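Structure first, then comments.
Readers should treat all values here as calculations from the given coordinates under stated rules, not as data from a laboratory. In this text the structure is predicted, and so the values were computed from the model without any measurement. Glycine also receives a Cβ, built like all others from the backbone with ideal geometry; neighbour counts cover every protein chain displayed.
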Amino acid sequence: SAVISQKPSRDICQRGTSLTIQCQVDSQVTMMFWYRQQPGQSLTLIATANQGSEATYESGFVIDKFPISRPNLTFSTLTVSNMSPEDSSIYLCSVDRLPGAANYGYTFGSGTRLTVV
Amino acid sequence: RKEVEQDPGPFNVPEGATVAFNCTYSNSASQSFFWYRQDCRKEPKLLMSVYSSGNEDGRFTAQLNRASQYISLLIRDSKLSDSATYLCVVNDAGNMLTFGGGTRLMVKP
């Protein structure tokens with residue numbers, strides 16, 4: 001079945017800098033999503049990455065802070081801009097209807113553990 | 001009020017026990033439902049989809065009650081390897097997933 005590769009798996013960054021996270025799927029998928037999971041909490045959707053158009057952001061998240069690219073049907077990036085310690089979190093990409101999956105459902109990348117110091 | 005609510009636990013059970021988790025959701029227009037499992041420091045992984053007719057996968061049984069807007073997961077004959085956080089996930093229209101806060105299960109020898 002298809003595989004999602006997310007990198008980096010972890011990073012420690014200085015406040016005020018930016019980090020770009022990459023998500024690569026080895027098959028074409030329609031929908032790609034970016035989630036955040038803060039320590040001890042569940043997942044919150046940041047945005048839907050749309051191929052060929054601007055991402056759709058959820059309440060509380062803005063493009064200037066979390067710019068997203070989706071240049072094709074297999075790849076997306078999320079940038080965490082001008083980071084502060086409050087951005088320390090796990091960031092996960094997700095796709096739906098992964099080709100070859102035994103179950104309908106959403107599959108997640110392995111996540112990027114970000115620590116801002 | 002949270003859109004998807006779960007008892008955070010932890011549920012501490014001995015090996016071989018049967019344990020049940022419930023989850024309630026607030027959006028009556030929700031269309032599909034899932035249970036995910038998340039191990040410590042790992043990404044969530046789909047455990048099973050939940051259908052109105054109920055579905056079973058080995059030791060795991062999921063039920064959906066649309067009238068009462070709750071979802072359940074039953075684990076029979078618990079194994080040590082079942083220790084994890086179980087996330088109730090609801091898919092509203094437009095492919096938006098809403099996650100419950102998760103229920104932590106610890107199975108002990």
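Before moving on, here are some points about what is shown:
- Across segment A:3-8, coupling constants 3J(HN,Hα) worked out from phi with the 6.51/-1.76/1.60 Karplus curve, θ = phi - 60°, read 10, 10, 10, 10, 8, x Hz, and Gly and Pro carry x.
- Dipole in debye (nearest 20) - chain A, about Cα centre, beta carbon charges: Lys, Arg +1; Asp, Glu -1: 200
- Alpha-carbon centroid distance for the pair segment B:10-30 / segment B:53-83, whole angstrom: 8
- In this structure, A:Gln22 and B:Asn27 have a Cβ-Cβ separation that, at R0 = 35 Å, corresponds to a calculated FRET efficiency of about 0.60.
- Selected from B:Ser72, A:Ser110, B:Met48, residue furthest toward positive end of dipole (the protein assembly as shown; charges at beta carbon): A:Ser110
- In Hz, Karplus ³J(HN,Hα) per residue of segment A:32-46 (6.51, -1.76, 1.60; θ = phi - 60°; x = Gly, Pro): 10, 10, 10, 10, 10, 10, 6, x, x, 10, 8, 8, 10, 6, 8
- Distant alpha-carbon pairs in chain B (separation over 19 angstrom), percent: 40
- Diffusion constant of segment B:55-109 at 37 °C, which comes from Stokes-Einstein with the Kirkwood Cα-pair radius and 0.692 mPa s, µm²/s: 255
- Convex hull volume per residue for segment A:36-77, taking Cα atoms only, in Å³: 81
- Counting only aspartates and glutamates at least 8 places from A:Lys7 when in the same chain, those with an alpha carbon closer than 18 Å to its own are A:Asp26, A:Asp87, B:Glu43.
- Calculated from backbone phi, Karplus (6.51, -1.76, 1.60) coupling profile of segment B:62-72 in Hz, x at Gly/Pro: 10, 10, 10, 10, 5, 5, 9, 6, 9, 10, 10
- Rg/Rg_globular for chain A, with Rg_globular taken as 2.2 N^0.38 Å and Rg from C-alpha atoms: 1.01
- Quarter of Cα convex hull surface for the protein assembly as shown, i.e. mean projection, nm²: 12.6
- Each Lys and Arg Cβ is given +1 and each Asp and Glu Cβ -1; about its Cα centre, segment B:1-53 then shows a dipole of about 140 debye.
- Fluctuation leader among A:Leu43, A:Leu19, A:Leu73 - chain A, Gaussian network, Cα springs under 10 angstrom: A:Leu43
- Chain B: most fluctuating residue of B:Ser53, B:Ser72, B:Ser83 per GNM, C-alpha cutoff 10 Å: B:Ser53
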